[in-house]
Amino acid sequence: MNSSRAVFCDFDGTITTKDTFVSVLEKFAPETASQLLPAIFRQELSLKEGISKTLGTIPARHYQATIDFIAEQPIRPGLKELIAFLNRADVPFVVISGGLTVLVEAVLKHQQLFEGVTAIYAGEVDATGDFLRPHSAISSDTEFVAKAIAMEKYPADLKIAIGDSVTDINMSLAADLVFARDRLQQYLDAKQKAYLPWSDFFEIRDYLAASWQIEI
């Protein structure tokens, strides 16, 4: 892999057209979701505490149903083309999700994109009890999945972040170049962190191709 560049991409609401993690909570834990999600987005409740409290209310018997529900969620246009471009350029494409690995894998495998992804960093879940018990190997005091910790595994000269919401703030602050959409733009405006707005992955591919002077 080209160690001078690395791309780090969020999953929920970034790869998928909807925030699939929110969709899962609204479908399988609607009462808890309505109570806690607004506090998470307002940053009044930490990601670590919020995700544990929300996922922890979903009965384990719904575990397979959550996977099946997520697997067929639509993805944002151009992802296949961006991954193919980065693979040709020998640049790592790393998915870092604030949600669960199993949900990320379900979508990528359904879309036949799993093989092109360099690595996936996300949370895990124990479904052997009455309720789901989430845990993460790269958590911090405030984050369920500390995305900046995953980024440190790739000491590239140019770190590129792609995201859309509250779980992507620290990832964006640790990046050299940020593609931001939706709520993430507002969070980064507040922190005076520069970013490029985007709507689909074709735009990102075309920008990088022009910047790196690589033909598509």
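What's the number of the only condition in (1) open to solvent by 40 Å² or more (accessible area, probe 1.4 Å); (2) at pLDDT 95 or above that Ile204 fails to meet?
(1) is the only condition that Ile204 fails.
Mind checking which residues of the stretch 11-31 are buried (at least 18 other Cβ atoms within 10 Å of the Cβ) and in a helix (DSSP H, G or I)?
Within the stretch 11-31, Thr20, Phe21, Val22, Ser23, Val24, Leu25, Phe28 qualify.
Please pick out the residue among Leu47, Leu113, Leu82, Leu36 that is aliphatic (A, V, I, L, M), in contact with a Lys or Arg (Cβ under 7 Å, 6 or more places away or on another chain) and at pLDDT below 90.
Selected residue: Leu36, the only one of Leu47, Leu113, Leu82, Leu36 that is aliphatic (A, V, I, L, M), in contact with a Lys or Arg (Cβ under 7 Å, 6 or more places away or on another chain) and at pLDDT below 90.
On the basis of being open to solvent by less than 30 Å² (accessible area, probe 1.4 Å), over 18 Å from Lys18 (Cβ atoms), under 19 Å from the mean Cα position of the chain (by Cα) and in contact (Cβ under 8 Å) with a residue 24 or more places away in the chain, does Leu47 make the cut?
Considered against the rule, which asks whether it is open to solvent by less than 30 Å² (accessible area, probe 1.4 Å), over 18 Å from Lys18 (Cβ atoms), under 19 Å from the mean Cα position of the chain (by Cα) and in contact (Cβ under 8 Å) with a residue 24 or more places away in the chain, Leu47 comes out as yes.
More than 19 Å from Ile15 (Cα to Cα), surrounded by fewer than 17 Cβ atoms within 10 Å (Cβ to Cβ) and touching a residue at least 24 places away in the same chain (Cβ under 8 Å): which single residue out of Asp176, Asp157, Asp182 fits that description?
Sole residue among the options that is more than 19 Å from Ile15 (Cα to Cα), surrounded by fewer than 17 Cβ atoms within 10 Å (Cβ to Cβ) and touching a residue at least 24 places away in the same chain (Cβ under 8 Å): Asp157.
If you take the residues in the stretch 70-92 that are charged (D, E, K, R) and surrounded by fewer than 18 Cβ atoms within 10 Å (Cβ to Cβ), which one is farthest from Ala210 (Cα to Cα)?
Looking at residues that are charged (D, E, K, R) and surrounded by fewer than 18 Cβ atoms within 10 Å (Cβ to Cβ), I get Glu72.
The values are calculated or read from the model by the stated rules, or taken from the named source; none is laboratory data. None of the values given here were measured: they were computed from a predicted structure. Note: ideal-geometry Cβ built from the backbone for every residue, glycine included; neighbour counts use all protein chains shown. Heavy atoms of the whole protein, side chains included, go into the accessibility calculation; ligands, DNA and RNA do not. Shrake-Rupley method; radii C 1.70, N 1.55, O 1.52, S 1.80 Å.
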